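The values are calculated or read from the model by the stated rules, or taken from the named source; none is laboratory data. Computed from a predicted structure; not experimentally measured. Positions of Cβ are backbone-derived with ideal geometry, glycine not excepted, and every protein chain shown enters the neighbour counts.
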Amino acid sequence: MALQHIGAAAQRVKAVFQRRPEVGLHDDAPAKARWQSGARILVRHNDGMEVATDMPVELGGTGDQVTPGWLFRAGVASCAATSITLAAAVEGIELTALEVHVGSRSDTRGLLGMSEPGGEPVYAGPFDVELRVTVAANGATPSALKSLIEDCLGHSPVPSALITATPFALHVNVAS
């Protein structure tokens with residue numbers, strides 16, 4: 001099976017965490033975003049990997065990079081797919097196909113700080129997020145795959161941040 005090494009690694013780490021739960025608590029790698037020019041932003045990981053974002057032409061960008069909202073959906077999709085892969089590997093399920101599609105609907109007026117006619121601010125975030133999973137596996141029943149996915153997405157970090165409101169702290173430093 002192609003995922004046996006992943007299942008074995010996950011089981012080893014799980015055994016360590018059962019003996020020493022405090023080892024599982026860690027600071028996540030921060031993302032550092034820096035304005036480049038126009039609406040282009042460069043996001044950098046501590047290991048040096050960089051991703052550029054930009055806005056569509058209609059909002060003053062060049063439209064030649066992904067938007068921050070797309071990176072959000074990509075993070076949800078990637079994290080969900082990773083969690084499903086890990087869960088399948090731990091259970092000894094041989095995946096033959098896995099695709100995760102994340103869509104959302106947003107109102108761009110919120111990004112622009114606009115208000116509804118009655119004065120209420122327009123919400124800037126997505127007002128719905130939909131996650132669609134297509135999966136196939138050798139020897140697993142459809143109900144077993146559905147249960148595996150439903151169970152593991154309850155502890156998939158990025159989707160969990162959507163499902164449960166994650167505390168958010170804002171700190172502003174004004175540079176001279």
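Annotations for the structure displayed:
- Test for Ser78: is it in contact with a helix residue (DSSP H, G or I) (Cβ under 9 Å, 6 or more places away or on another chain) and of a type in the set (S, T, N, Q): yes
- Per the conditions (1) in contact with a Leu (Cβ under 8 Å, 6 or more places away or on another chain); (2) outside any helix (DSSP H, G or I), the sole criterion not satisfied by Ala87 is (2).
- Among residues of segment 125-166, those that are closer than 25 Å to Asp107 by Cβ, in a loop (DSSP other than H, G, I, E, B) and out of contact with any Ser or Thr (no Cβ under 9 Å at 6 or more places or on another chain), counted: 2
- Residue within segment 154-163 that is farther than 25 Å from Ala97 by Cα, β-branched (Val, Ile, Thr), modelled with pLDDT under 95 and surrounded by 10 or more Cβ atoms within 10 Å (Cβ to Cβ) present: yes
- Test: Gly75 is of a type outside the set (A, V, I, L, M) and modelled with pLDDT of 95 or more: yes
- Residue in segment 94-111 that is under 25 Å from Ala9 (Cβ atoms), small (Gly, Ala, Ser), more than 17 Å from the chain's Cα centre (by Cα) and not in a helix (DSSP H, G or I) present: yes
- Lone qualifier among Thr141, Thr108, Thr166, Thr82 - being closer than 22 Å to His26 by Cβ, without any contact (Cβ under 8 Å) to a residue 60 or more places away in the chain and out of contact with any strand residue (DSSP E or B) (no Cβ under 8 Å at 6 or more places or on another chain): Thr166
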